[in-house]
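S.K.: Mind having a look at this structure? Questions to follow.
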Ligand code: CMC
């Protein structure tokens, strides 16, 4: 006999089953609530709502724990690569050597964009935001593969997944080259995933970009740390779109749009813009913190706070260390890093942030690493999108493999006018 929660409404008692996850998390199953009681639940922003059961990523926001398929993020950051981690997320286990080789080969085979897709880049103004280009071109490239439209057919999934992971990176690099009026650089077969991205971003037709192992490793780590984060806004969007049986590319394109927002993936760009503003104004960060606390101006300390983490984001800890290490190796002194550290120190001692349990999140230090690598600020959220793509694919697959997947269709409490009559135009005041 399972556990139940008791709900009393209008004198009648209802027994709602309690479900438990493998880490002991508990939820009240309300799937029969409306049919039994006529009531729905109301939870704006879904802060208390589990939208699915998922076996991909586990987060304990109180204790600062993040695991992909059970493996702590700290271990993956120290021992794995982005591509190996992508395999883990999508297929549920660490690959054997043979599996990893096959996956890498599939990625390489699928990295070239169909020639006609390239013409899409011509239609954008040079100052177009690369997230707009990324979303549009991912969606457009789905037109080139009719097999994508067959949701039920799982036989092409491996190829589709590899194509999306590879092409997101190629589209991202091409959109950057286009925005700078630079010639497109094609991927090299001999380079691995992250090295190839740097090559496509920074090489010239007459001279290859010099790949520094520390730089490749730092960017690979950023991709890996962003690879999944359970039901975040963009992943929930991907799942929402996929629930209508939209194809993988259309679902991922929608995810890119959600990720673009400054409260989500766009925060990494917003952090650097905020740090630059503080630097230009000559403030050491204290005036900015005071402005954030003054609720009349609705400013936020970007890169701080999280819906789930009520302690230090474990990814932020890893990134902060990687940031210090990389800047030292490259012998870069970035005044924005000093400001970021001062802001963190001040905020962590301040009652406003302590009371609300606001700590640095993944976006607080990642921008400083990307600046040191030479990635322009408008590409930061694109980097997040490249990293998050395997997570979106893993969630898509999880839904596709689950015969109980239903279309996502929340309800609402209507608060508009009650029935009223149509007024002819001449009688309207
Ligand atoms: N600076 C100042 N105050 C903040 C901040 C912040 N960064 N974040 C939250 N608060 C305050 C907020 O004003 C509210 O105060 P009060 O109770 O007095 O009204 C309280 O803390 C709770 O905030 P909330 O907006 O209800 O919390 P939420 O869970 O809805 O929002 C968040 C989470 C991430 C959107 C928010 O913390 C935020 O806007 N942070 C800045 C943007 C950012 O860094 N986003 C990246 C998130 S991590 C990467 C990702 O997953 O996308």
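The values are calculated or read from the model by the stated rules, or taken from the named source; none is laboratory data. This is a predicted model, so every value here is computed, not measured. All Cβ positions, even for glycine, are placed from backbone atoms using ideal geometry, and neighbour counts span all protein chains on display.
S.K.: With the requirement that a residue be away from the ligand (no atom under 11 Å from the Cβ) and closer than 18 Å to residue 336 by Cα, what does the range 306-326 give you?
M.R.: Of the range 306-326, the ones away from the ligand (no atom under 11 Å from the Cβ) are 311-312, 314, 317-326.
Matches in the range 306-326: 317, 319, 320, 321, 322, 323, 324, 325, 326.
S.K.: Do we find that residue 362 is within 16 Å of the ligand (Cβ to nearest atom) and crowded, with 21+ Cβ neighbours inside 10 Å in this structure?
M.R.: yes
S.K.: Still on this structure: Using beta carbons and a limit of 7 Å, which pairs, at least six apart or on different chains, have the first residue in the range 22-49 and in contact (Cβ under 8 Å) with a residue 60 or more places away in the chain and the second one within 16 Å of the ligand (Cβ to nearest atom)?
M.R.: That search, which allows pairs on different chains as well, returns 47/307.
S.K.: Out of (1) within 10 Å of the ligand (Cβ to nearest atom); (2) modelled with pLDDT under 95; (3) surrounded by fewer than 22 Cβ atoms within 10 Å (Cβ to Cβ), what's the single condition that is false for residue 267?
M.R.: Unmet for residue 267, out of (1) within 10 Å of the ligand (Cβ to nearest atom); (2) modelled with pLDDT under 95; (3) surrounded by fewer than 22 Cβ atoms within 10 Å (Cβ to Cβ): (3).
S.K.: So, in the range 334-355, how many residues would count as being outside any helix (DSSP H, G or I) and within 13 Å of the ligand (Cβ to nearest atom)?
M.R.: 1
S.K.: Taking the condition farther than 29 Å from residue 235 by Cα and modelled with pLDDT under 95, does residue 15 pass?
M.R.: No: the conditions fail for residue 15.
S.K.: Residues being assigned to a helix (DSSP H, G or I) and surrounded by fewer than 24 Cβ atoms within 10 Å (Cβ to Cβ): count how many of those fall in the range 221-236.
M.R.: First, the residues of the range 221-236 that are assigned to a helix (DSSP H, G or I): 221-225, 233-236.
Checking the rest, the ones that are also surrounded by fewer than 24 Cβ atoms within 10 Å (Cβ to Cβ) come to 233, 236.
Counting residues in the range 221-236 that are assigned to a helix (DSSP H, G or I) and surrounded by fewer than 24 Cβ atoms within 10 Å (Cβ to Cβ) gives 2.
S.K.: Here's something else I'd like to know. Sort through 77, 86 and tell me the only one that's within 18 Å of the chain's Cα centre (by Cα), more than 25 Å from residue 248 (Cβ to Cβ) and crowded, with 18+ Cβ neighbours inside 10 Å.
M.R.: Selected residue: 77, the only one of 77, 86 that is within 18 Å of the chain's Cα centre (by Cα), more than 25 Å from residue 248 (Cβ to Cβ) and crowded, with 18+ Cβ neighbours inside 10 Å.
S.K.: To continue, here is another question. Quick check: is even one residue across the range 293-301 in contact with a helix residue (DSSP H, G or I) (Cβ under 9 Å, 6 or more places away or on another chain), touching a residue at least 60 places away in the same chain (Cβ under 8 Å) and buried (at least 17 other Cβ atoms within 10 Å of the Cβ)?
M.R.: No, that holds for no residue.
S.K.: Identify, please: which residue in the range 373-390 is part of a helix (DSSP H, G or I), surrounded by 20 or more Cβ atoms within 10 Å (Cβ to Cβ) and more than 12 Å from the ligand (Cβ to nearest atom) and is, among those, farthest from the chain's Cα centre (by Cα)?
M.R.: 373
S.K.: What are the residues in the range 1-35 that are part of a helix (DSSP H, G or I) and surrounded by 15 or more Cβ atoms within 10 Å (Cβ to Cβ), if any?
M.R.: 33
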